[in-house]
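**Q** Right, I'll just put the structure down here and ask away after.
The values are calculated or read from the model by the stated rules, or taken from the named source; none is laboratory data. Fair warning: this is a prediction, and the values are worked out from it, not measured in the lab. Every residue, glycine among them, receives a Cβ derived from its backbone with ideal geometry; neighbour counts consider all protein chains shown. To get the accessible areas, we keep the full protein, side chains included, count just its heavy atoms, and leave off ligands, DNA and RNA. Shrake-Rupley method; radii C 1.70, N 1.55, O 1.52, S 1.80 Å.
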Amino acid sequence: MNPKGRLIIMRGADMGIFHDAKNEVTSPDFPFEIFSFLSEEKDSRLEILTTSNSGGCANERLIKMLQAEGYSNFGIINVQHTEDFHNCYTKISEAKVVFLAGGEPEIWKMMKRSAIMELLLKRYHDEEDFTIVGIDAGAMCISRVILSEGGTGTGLGFIHNCIIDTKFQHGERCKGLVKAIIANKECLGIGLNRGMALIIDKGYKVSCLGKGTVMVVNARNIKNRRIKAGASVYAKNLQGHILTGGATLNLFSGNRIKDDLLHYNLNFINRNNIQ
């Protein structure tokens with residue numbers, strides 16, 4: 001059964017600069033329209049899970065952006081230890097949108113050992129008006145397989161058929177993503193370049209927003225191949241797409257959904273009835 005909730009993937013590096021004097025955030029790259037897809041109701045409760053290492057400036061930028069879109073009912077929960085996740089159970093159970101904002105992958109792995117992990121999975125699978133937003137490391141950890149130092153690791157498992165890189169740049173991180181996909185051929189590699197964000201519905205339908213590009217790598221048709229540490233990557237039948245804003249992708253098939261260019265519907269029941 002496909003999940004009824006929704007995932008949103010964002011790049012924190014695109015969130016711009018907070019100007020104290022003007023009390024505003026400027027960012028030429030960030031796709032601000034992504035915030036209009038958080039919830040139908042502007043007074044819906046939003047909870048931002050963050051870490052002390054993610055920086056106060058990043059939190060300020062996020063808050064200013066949410067306020068600019070009309071959201072005012074939100075809170076910030078600082079998490080550093082497993083106990084912190086246990087202690088915010090009630091707040092998470094009442095939120096319509098939960099942000100996993102920045103931090104290090106190890107912090108989000110702690111969440112797997114907490115009470116709210118089961119709660120988030122259940123709400124994501126059962127509730128049509130529930131959204132999880134991942135930013136930077138929080139976004140990369142949303143999938144079951146994640147990029148880590150020297151290869152791949154285990155993430156939170158909200159989705160099982162892709163590996164996400166929110167710090168992707170052509171030529172710099174492409175090799176690491178391709179290696180990870182070849183070693184995990186059941187997954188698609190998704191690399192977000194500057195100025196892009198993603199909406200994932202039903203656990204497979206990806207909608208792209210922004211002015212940049214998204215690199216999609218598909219290794220499902222290559223033969224078994226071992227990758228040596230430090231070696232160049234070469235494989236036959238490696239496929240991919242470069243997607244721009246408005247494009248949609250099927251994570252199950254690895255193909256672009258050609259006739260569905262982001263006709264997005266915030267009515268959650270209607271959205272989940274569309275095939």
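**Q** Which of (1) touching a strand residue (DSSP E or B) at 6+ places or on another chain (Cβ under 7 Å); (2) closer than 27 Å to Thr51 by Cα does Val178 not meet, given it meets every other one?
**A** Failing condition for Val178: (2).
**Q** Inspect all residues belonging to region 117-135 and state whether any of them is open to solvent by less than 50 Å² (accessible area, probe 1.4 Å), of a type in the set (A, V, I, L, M, F, W, C), modelled with pLDDT under 95 and not in a helix (DSSP H, G or I).
**A** Taking every residue of region 117-135 in turn, at least one turns out to be open to solvent by less than 50 Å² (accessible area, probe 1.4 Å), of a type in the set (A, V, I, L, M, F, W, C), modelled with pLDDT under 95 and not in a helix (DSSP H, G or I).
**Q** Which numbered condition in (1) over 20 Å from Trp108 (Cα atoms); (2) at pLDDT below 80; (3) under 17 Å from the mean Cα position of the chain (by Cα) is the only one that Ser54 fails?
**A** Ser54 satisfies all of (1) over 20 Å from Trp108 (Cα atoms); (2) at pLDDT below 80; (3) under 17 Å from the mean Cα position of the chain (by Cα) except (1).
**Q** Moving on to the next point. Tell me which of these Ala183 doesn't satisfy, since it passes every other one: (1) within 19 Å of Arg220 (Cβ to Cβ); (2) of a type in the set (Gly, Ala, Ser); (3) open to solvent by less than 40 Å² (accessible area, probe 1.4 Å).
**A** Failing condition for Ala183: (3).
**Q** When you check His160 against the structure, is it surrounded by fewer than 17 Cβ atoms within 10 Å (Cβ to Cβ), in contact with a Pro (Cβ under 9 Å, 6 or more places away or on another chain) and farther than 23 Å from Ala58 by Cα, yes or no?
**A** no
**Q** Something else: Return the total of residues in region 193-227 being at pLDDT 90 or above, touching a Leu at 6+ places or on another chain (Cβ under 7 Å) and in a loop (DSSP other than H, G, I, E, B).
**A** So the count comes out to 2.
**Q** Only one of Ser72, Ser93, Ser114 is buried (at least 20 other Cβ atoms within 10 Å of the Cβ), at pLDDT 80 or above, of a type in the set (Ser, Thr, Tyr) and more than 28 Å from Gly212 (Cβ to Cβ); which?
**A** Every option except Ser114 fails the conditions.
**Q** While we're on this one: Name, by its number, the condition in (1) within 25 Å of Phe30 (Cβ to Cβ); (2) open to solvent by 10 Å² or more (accessible area, probe 1.4 Å); (3) hydrophobic (A, V, I, L, M, F, W, C) that does not hold for Cys141.
**A** Answer for Cys141: the failing condition is (2).
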